[in-house]
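The values are calculated or read from the model by the stated rules, or taken from the named source; none is laboratory data. As the structure is a prediction and not an experimental result, all values here were calculated from the model. Because the Cβ atoms are built from the backbone with ideal geometry, glycine has one as well, and the counts that use them run over all protein chains shown. Note: areas computed on protein heavy atoms with side chains; ligands, DNA, RNA excluded. Shrake-Rupley method; radii C 1.70, N 1.55, O 1.52, S 1.80 Å.
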Amino acid sequence: MKQYLLSIYQPDGGTPPPEVLDRVMREVGALIEETKAAGAWVFNGGLHPPDTATVVRLKDGDLLITDGPYAEGKEHIGGFLIVKAPDLDSALMWARKAARVITLPIEVRPFQGEVES
């Protein structure tokens, strides 16, 4: 089985109100349990805001360490789910479920070097 990264793109800005966030988090928990029960779950996690990022970059032979995101944008990766799936269509099925629950864009990408079994 191939492994796919489902990246959750979150708009910059504040946290949703508790009545919205609590519902989403319950539904995300149910989705994670569903992927586990189906044998598709590999790993998942949420990320702190982009201003907590540290970037290590090679420039002119020197390693530079800077605070904050590498690129300014209106969206950032807020979390992710890695699933095992036999093909892209199956991975997209999980992404559709995640998009319905989270109501944010989900990017689906296969890992390099994965072979179908």
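Here the accessible area is traced with a 1.4 Å probe on the protein chains. For the chain, carbon and sulfur cover 56 percent of it. Take the Cα radius of gyration of the stretch 14-67 and divide it by 2.2 N^0.38 Å, N being the number of residues; the result is 1.78. Shown for the chain: lysine pairs separated by 8 or more places, or found on different chains, whose C-alpha atoms are under 21 Å apart, numbering 6. Highest mobility in the GNM of the chain, judged by mean-square fluctuation with C-alpha springs under 10 Å and restricted to VAL56, VAL42, VAL28, is found for VAL56. Per residue, the solvent-accessible area of the chain (1.4 Å probe, heavy atoms of protein chains only, all protein chains present) comes to 69 Å².
Taking a ≥ b ≥ c as the square roots of the Cα gyration tensor eigenvalues, the stretch 30-113 comes out prolate, since a/c reaches at least 1.5 and a/b is larger than b/c. Note on the chain: GNM, Cα springs under 10 Å; of GLY61, GLY79, GLY29, the largest mean-square fluctuation is that of GLY61.
When the charge dipole of the chain is built from unit charges on Cβ atoms (+1 for Lys and Arg, -1 for Asp and Glu) and taken about the Cα centre, the candidate among ILE8, THR35, PRO18 whose Cα reaches farthest toward its positive end is THR35. For the chain, the Cβ-based charge dipole about the Cα centre amounts to some 320 debye (Lys, Arg positive; Asp, Glu negative; other atoms uncharged). Using a Gaussian network model of the chain with C-alpha springs under 10 Å, which one of ILE82, ILE106, ILE65 is most mobile by mean-square fluctuation? For the chain, modelled as a Gaussian network with Cα springs under 10 Å, the answer is ILE65. Taking each DSSP H run with n ≥ 4 as -39500 (n - 2.57) and averaging over every residue of the chain yields -10000 deg cm²/dmol at 222 nm. Protein-only accessible surface at a 1.4 angstrom probe places the residues PHE43, PHE80, PHE111 in the order PHE43, PHE111, PHE80, largest first.
Computed from label points 7 Å out along Cα-Cβ, the spacing between GLN3 and LEU92 is 2.3 nm.
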